[in-house]
Structures are given as structure tokens and as C-alpha cells.
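Report on the following structure.
The values are calculated or read from the model by the stated rules, or taken from the named source; none is laboratory data. Predicted model, so just to flag it, every value in this text is computed and none were measured. In this analysis, Cβ positions are derived from the backbone assuming ideal geometry, glycine residues included, and neighbour counts consider all displayed protein chains.
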Amino acid sequence: MSSIDRTATRFRGPFEPASLIRMNVHNRSAFAGTADDFLRWNEGREGKREFVDGRVTEMMVGVSRHHITLASRLSILVGGRLPGDVYTFGSADFAVRTSRGIRYPDFFVDHAPTATNDLAVQNAVLLAEILSPSSLALDFGPKAVEYMAIPSLRHYLVLSQDEPRVWLWDRGEGGFAEPAMIDGADRTVTLSAFDLTLSLADLYRGIA
């Protein structure tokens with residue numbers, strides 16, 4: 001079992017100990033503006049950054065081949081099966097607003113917007129993050145809390161990079177329950193908001 005999966009298996013609540021947080025950041029700087037101000041300021045700039053608690057966090061760029069493969073597969077196997085007049089989907093270059101600011105998930109599905117020049121997801125239905133050693137505690141901790149506070153969100157999905165294993169949070173009548181860990185190439189993930197079943201064998205083909 002990888003170090004990522006050992007830590008994720010121990011996950012029991014919204015935050016892991018601070019010692020586990022190894023964020024892939026360069027630096028943080030204050031930003032005198034709102035989340036919308038940040039989106040306008042950030043549009044077209046090189047590099048990757050998020051806006052959290054009034055501060056801009058510079059993020060390292062560059063991902064593994066497994067990471068980009070999984071993001072592409074989500075676009076094909078989830079986004080490609082959804083009606084385009086109802087939903088839009090995309091990847092880490094498009095923002096989502098949270099209670100703490102602006103995040104950039106690895107994959108999202110949004111209700112189709114009425115405007116075409118938005119800079120952020122308006123009504124996220126699915127958000128997904130692909131684990132890396134530097135993002136593990138963030139994806140299982142603060143991001144999970146922020147994402148699940150989005151009223152429109154139905155599913156939050158976290159994916160292992162190296163083997164067919166995912167964690168799925170589903171919103172029920174009483175809110176989000178504890179995540180279900182689903183592992184093994186013979187398993188499937190049900191995304192009930194879309195009446196869609198995702199095969200881990202298809203998602204991880206050529207990876208594991």
C-alpha cells in the first residue's frame with residue numbers, strides 16, 4: 001500500500017494533523033480584494049494559484065502522466081456521457097467558489113450556465129481531486145469541507161493516482177455521509193445525480 005493510501009485509509013474526520021499537510025505551494029501573499037476581484041486579476045496569468053482566506057497561494061505546476069490520464073478519462077467517461085444542454089464539465093483551469101475563496105479542482109461538472117463568459121463554476125454537481133503526495137491532506141481535509149458546503153454539490157470524488165481506488169462522498173437527505181472507499185478494477189462507482197455508473201477498470205486502464 002502506498003503512503004498516500006495508508007494516510008487516506010486512516011482518515012476519520014475533516015482535518016488530518018498539520019504534520020501531514022505538505023502543500024505544493026511556493027508562497028502566500030495577501031490580496032486586497034474579493035473572490036471576484038481575484039478571478040479578474042488572475043485571468044490570463046501564467047502559473048497556478050488559489051485564493052483562500054484573503055491570501056493568494058502560489059501553486060507548483062506540472063503533474064504526472066497518471067494524473068493527466070485520470071483527468072482526461074473523467075472528461076471522457078463522465079463528462080462525455082452527460083447531456084450538453086444540462087451540464088458542462090472541465091478541469092483544473094476553471095475555478096470554483098467556496099466559503100473560503102477560490103479553488104481549482106482537477107475535474108468538475110456544473111449545471112449548464114446561462115452566461116458564456118463566467119470565470120468560475122456556478123452550480124457544481126460533482127467535484128473531483130486526484131491525489132498526489134503534496135495534496136493528500138488538503139484534498140481530504142480543507143477542500144473536502146469547503147466543497148461539501150456548496151449547496152448544489154451532490155458528489156465529491158478523490159482518486160488514487162497509482163491503483164484503482166477512489167473515495168466518494170454522496171449527499172443524501174441528511175447531507176454528506178462519511179466517504180465510501182471503493183477499490184479494485186472489478187468495482188464500479190455510482191454517481192446517482194447523473195444516473196451514471198463508472199467502471200474503475202475503464203478509468204484506470206493502462207495505469208493499474
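Checked against (1) over 23 Å from T88 (Cβ atoms); (2) crowded, with 17+ Cβ neighbours inside 10 Å; (3) modelled with pLDDT of 95 or more, L138 passes all but a single condition, namely (3). Is it the case, given these coordinates, that A185 is assigned to a loop (DSSP other than H, G, I, E, B), aliphatic (A, V, I, L, M) and surrounded by fewer than 17 Cβ atoms within 10 Å (Cβ to Cβ)? Criteria met by A185. If the condition is being exposed (fewer than 15 other Cβ atoms within 10 Å of the Cβ) and either over 20 Å from F108 (Cβ atoms) or in contact (Cβ under 8 Å) with a residue 12 or more places away in the chain (or both), then region 149-160 contributes A149, S152.
Residue count for region 169-208, restricted to those that are in contact with a His (Cβ under 8 Å, 6 or more places away or on another chain) and of a type in the set (V, I, T): 1. The listed residues are E146, E163, and the only one of them that is surrounded by fewer than 22 Cβ atoms within 10 Å (Cβ to Cβ) and assigned to a helix (DSSP H, G or I) turns out to be E146.
Within region 122-132, does at least one residue satisfy the condition of being surrounded by 15 or more Cβ atoms within 10 Å (Cβ to Cβ) and more than 20 Å from V78 (Cβ to Cβ)? Checked region 122-132: at least one residue is surrounded by 15 or more Cβ atoms within 10 Å (Cβ to Cβ) and more than 20 Å from V78 (Cβ to Cβ).
Under the condition of being within 16 Å of G44 (Cα to Cα), among the hydrophobic types (A, V, I, L, M, F, W, C) and surrounded by fewer than 19 Cβ atoms within 10 Å (Cβ to Cβ), the residues counted in region 93-115 number 1. From the set of residues in region 28-43 that are farther than 11 Å from L119 by Cα and loosely packed, with under 12 Cβ neighbours inside 10 Å, which is modelled with the highest pLDDT? Checked region 28-43; the qualifying residue modelled with the highest pLDDT is S29.
Scanning region 55-96 for residues that are at pLDDT below 90 and touching a Gly at 6+ places or on another chain (Cβ under 8 Å) returns E58, M59, V61. Within region 44-66, being crowded, with 16+ Cβ neighbours inside 10 Å and farther than 21 Å from I102 by Cβ holds for one residue alone: H66.
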